[in-house]
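The values are calculated or read from the model by the stated rules, or taken from the named source; none is laboratory data. Predicted model only: the values in this text are computed from it and were never measured. For neighbour counting, all protein chains shown are included, and Cβ atoms are generated from backbone atoms with ideal geometry for every residue, glycine included.
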Amino acid sequence: MKSRNGIVLRIGGAALALVLLGSAVAAAGETPKLKDLVQKLQQKYDGINSMVADFEQVSQIANVQGSFSGKGRVFFQKPGKMRWEYKSPDKQYVVCDGEKMWLYQPKEGRVMVDKVSRAFSGKTPVNFLLGIGKLQEDFTLQLLIAKDEKAGNFFEIEMVPKENLADVKRIVLQADRKDYLVRAIRIYDFFSNLNEIKFTKIKVNPSLAAKVFTFVPPKGAKVMEPPQAPAGSAPPPPAPKK
């Protein structure tokens with residue numbers, strides 16, 4: 001069973017993919033309908049430099065009854081900056097300035113700090129935002145749902161990594177056909193765990209102060225780095241094929 005800390009960090013990183021979705025979802029071999037939706041989605045996010053929204057997160061761990069849920073406010077800004085403020089069930093903060101990422105848990109008096117390059121290693125949606133990856137080359141896309149105006153105003157696109165990733169089997173994005181903003185993201189891993197985030201009260205291109213994406217550990221807080229794999233350790237086993 002994964003710790004809540006790990007879930008929070010992974011969720012924050014995965015959801016960062018929504019900030020600059022845009023050209024990230026262009027791929028060869030798309031159906032005409034998928035191409036049209038992707039083009040409009042890209043045009044929308046190409047014009048987004050910052051975003052603020054309320055979020056609700058639910059993480060379901062396989063073979064474990066119940067789920068972890070959290071609510072709060074999230075802030076995004078290009079390039080690769082974010083701030084997650086969890087208001088319930090416990091206050092937590094995930095702040096990324098584009099180079100470093102902090103997880104602050106006031107209740108535990110603890111701050112976890114890591115470099116973005118380590119926290120988001122490998123070919124992931126986050127890497128595209130940080131300028132070290134190209135999603136259009138790394139993911140295969142499929143249109144799952146394309147509701148029309150009568151049936152519903154949303155569509156869903158599945159993103160499957162072309163190469164094995166340790167924590168991601170597939171990602172499903174749900175967007176609104178009215179404004180082409182992503183309203184939900186679902187992340188599935190190879191252990192049948194599901195992390196889902198829904199966004200509401202979205203504000204596009206608000207003016208955000210630089211201090212939103214800076215973090216100074218509070219006096220008395222224990223600052224620590226996440227454990228790193230020892231040098232020369234074996235890589236994780238290959239992920240099972242679909």
Practice item. Go through region 191-202 and give me each residue that's surrounded by 19 or more Cβ atoms within 10 Å (Cβ to Cβ) and more than 16 Å from residue 44 (Cβ to Cβ). Key: 193, 195, 196, 197
Practice item. Kindly indicate whether any position in region 182-193 is modelled with pLDDT of 85 or more, touching a helix residue (DSSP H, G or I) at 6+ places or on another chain (Cβ under 8 Å), within 27 Å of residue 85 (Cα to Cα) and part of a loop (DSSP other than H, G, I, E, B). Key: no
**Study point:** Cβ-Cβ under 8 Å pairs, at least 6 apart or on other chains, region 207-223 side within 14 Å of residue 94 (Cα to Cα), far side surrounded by 10 or more Cβ atoms within 10 Å (Cβ to Cβ) and of a type in the set (S, T, N, Q)
**Key:** 212/77; 213/77
Practice item. Evaluate region 103-118: report whether one residue or more is at positive phi and modelled with pLDDT of 90 or more. Key: yes
Study note, to complete from the structure: Restricting region 47-76 to residues that are under 19 Å from residue 201 (Cβ atoms) and β-branched (Val, Ile, Thr), the one surrounded by the fewest Cβ atoms within 10 Å (Cβ to Cβ) turns out to be 58
Exercise for review: Could you check how many residues of region 93-110 are more than 15 Å from the chain's Cα centre (by Cα), over 15 Å from residue 221 (Cα atoms) and in a strand (DSSP E or B)?
Suggested key: 1
